[in-house]
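The values are calculated or read from the model by the stated rules, or taken from the named source; none is laboratory data. None of the values given here were measured: they were computed from a predicted structure. Don't worry about glycine lacking a Cβ; one is built from the backbone with ideal geometry, like all the others, and counts go over all protein chains shown. Each accessible area value is taken on the protein alone, full model and side chains, heavy atoms only, with ligands, DNA and RNA left out. Shrake-Rupley method; radii C 1.70, N 1.55, O 1.52, S 1.80 Å.
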Amino acid sequence: MTSIALIVQARMLSTRLPGKSMMLLAGKPLVHRIFERLKRCRSPDHLIAAVPDGAEDDVLANYLGSMDVAVFRGSESDVRARYLGAAAATKADIIVRIPADNVAPEPEEIDRVIDYHLHLGRRGFSSNLAQLRNSGYPDGIGAEVFETSLLEEAATKYFFPEALEHVHRNFFNYATDTGIDEKWCPISAPPCPADIRRPDIVLDVNTAEQYKRMSELYEALCGEDNTFGIREIIKWHDSRKLND
């Protein structure tokens, strides 16, 4: 049986917006909102947070523990090693990667990219986390999927700083829409449903301005169960654009 781990990288010492993981969205910490959505994914066998091992991140690790979320703690600067440690802790064959600045992950789309990747029947890197090869996906509702063995091999091949800090850079560069070595690691994306094909929409929280925007989104859509999806987000986004 193939073991699949959904691993979320989270930390308190963000350079652009320190402490954002515990900043509130509709009355709950940002990480709470993310993980309550991710718990609805059906495909992963494990859900685990990859958190730095510094004292500054104790508050984050303790909070996630109170949510019954498994936590692996490792290097802050070597995020790749942190992912490998979390994968080893869960004995995962396949890693599903999500950064904790994507505050509206969509369980349906995460399951979609996992199922898509599994049906390819080969090792590689699949993503609907953001637009890839003109896939049309909004930025921040999906995930990246790749084999643990590929990341283990990358750790023996690539030592440039971006490969340690940004796990996807071991396989793919979104900025240039190019793979690192597609003979070794093919790159692919599932088809984006036509009605949510909106690469102009970005649902990240990296700056104070983005946090303000996502706070407004959560206040408008969250409700009691935080089950709003990308279609509601698109309607909200477009109505805000008309009124801005």
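Some observations on this one:
- In the set (1) surrounded by 18 or more Cβ atoms within 10 Å (Cβ to Cβ); (2) polar (S, T, N, Q); (3) in contact with a Ser or Thr (Cβ under 8 Å, 6 or more places away or on another chain), the condition left unmet by Asn206 is number (1).
- If you go through the stretch 209-235 and pick out every residue that is more than 25 Å from Arg16 (Cα to Cα) and surrounded by 14 or more Cβ atoms within 10 Å (Cβ to Cβ), you end up with 9.
- Inter-residue pairs, beta-carbon under 7 Å, first more than 22 Å from Glu209 (Cβ to Cβ) and of a type in the set (Ser, Thr, Tyr) and in the stretch 86-109, second open to solvent by 10 Å² or more (accessible area, probe 1.4 Å) and in a strand (DSSP E or B), 6+ apart: Thr90/His46
- Scope the stretch 39-81; condition more than 13 Å from Ala10 (Cβ to Cβ), under 18 Å from the mean Cα position of the chain (by Cα) and not small (Gly, Ala, Ser); matching residues: Lys39, Arg40, Cys41, Arg42, Pro44, Asp45, His46, Asp78, Arg80
- Residue count for the stretch 135-175 satisfying the condition of being out of contact with any Leu (no Cβ under 9 Å at 6 or more places or on another chain), assigned to a loop (DSSP other than H, G, I, E, B), touching a residue at least 40 places away in the same chain (Cβ under 8 Å) and open to solvent by 50 Å² or more (accessible area, probe 1.4 Å): 1.
- Residues of the stretch 39-48 satisfying the condition of being touching a residue at least 40 places away in the same chain (Cβ under 8 Å) and farther than 19 Å from Thr148 by Cβ: Arg40, Arg42
- Asp195 being closer than 23 Å to Glu106 by Cα, of a type in the set (Asp, Glu) and surrounded by fewer than 13 Cβ atoms within 10 Å (Cβ to Cβ): yes
- Restricting Arg73, Arg80, Arg42 to those that are in a strand (DSSP E or B), of a type in the set (Lys, Arg) and either out of contact with any Cys (no Cβ under 6 Å at 6 or more places or on another chain) or over 19 Å from Asn206 (Cβ atoms) (or both) reduces the list to Arg73.
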